[in-house]
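Written below as structure tokens is the structure these notes are about.
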Amino acid sequence: MSEPVPVLPGEPAIRMIAMPSDTNPSGDIFGGWLMAHMDLAGASAAQRRAHGRVATVSVDSMSFHLPVKVGDEVSIYATIQSVGRTSIRVFIETWRRERSAELRDRVTSATFVFVAIDDAGRPRAVDPA
């Protein structure tokens, strides 16, 4: 089912084209490929907010609604939901657009949790502002 173009804040954190090398034996894009790119998008937002290095500590409730096909344009949006003492929760949505169409479909969403870390890999406080 096609949904209208999302009304999300700002530009996508990441946008790419799904390629043949990213497919499973059925010809659909690997779910792990999508999850890896979602992790990159979320980490980018969390790193900007933490002003430094972060590590992924959990992913909540990820489900796949529609497949992504070779040639689809994939856009990933990352929105910070909350900031704790050392952690940052980021809501991430992935949308696809067929190469010759304008309608977009949401294919997955999840909340990723990142922890700010220092150079030694230990948790560090995130500036509350």
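Only the coordinates and a few stated rules stand behind these numbers; no lab work does. Just so it is clear, the model here is predicted, and its values are computed rather than measured. Counting neighbours? That spans all protein chains shown, and the Cβs are built from the backbone with ideal geometry, glycine included.
Residues in the stretch 76-119 that are within 17 Å of Ala45 (Cα to Cα), of a type in the set (Gly, Ala, Ser) and surrounded by fewer than 22 Cβ atoms within 10 Å (Cβ to Cβ) were compared, and the one that is farthest from the chain's Cα centre (by Cα) is Gly84.
Remark: pairs (first residue in the stretch 60-71, touching a residue at least 24 places away in the same chain (Cβ under 8 Å) and aromatic (Phe, Trp, Tyr); second residue surrounded by 13 or more Cβ atoms within 10 Å (Cβ to Cβ) and assigned to a strand (DSSP E or B); Cβ separation under 6 Å; 6+ apart in sequence or on different chains) = Phe64/Thr108.
Pairs linking a residue in the stretch 90-107 that is within 21 Å of Ser58 (Cα to Cα) to a residue that is surrounded by 19 or more Cβ atoms within 10 Å (Cβ to Cβ) and polar (S, T, N, Q), with Cβ atoms under 9 Å and 6 or more positions apart or on different chains, are Ile92/Thr108; Glu93/Ser75; Glu93/Thr108; Thr94/Ser75; Thr94/Thr108; Val107/Thr94.
Considering only the stretch 40-55, I want to know if a residue exists there that is of a type outside the set (A, V, I, L, M) and more than 20 Å from Arg122 (Cα to Cα). No: the stretch 40-55 contains no residue that is of a type outside the set (A, V, I, L, M) and more than 20 Å from Arg122 (Cα to Cα).
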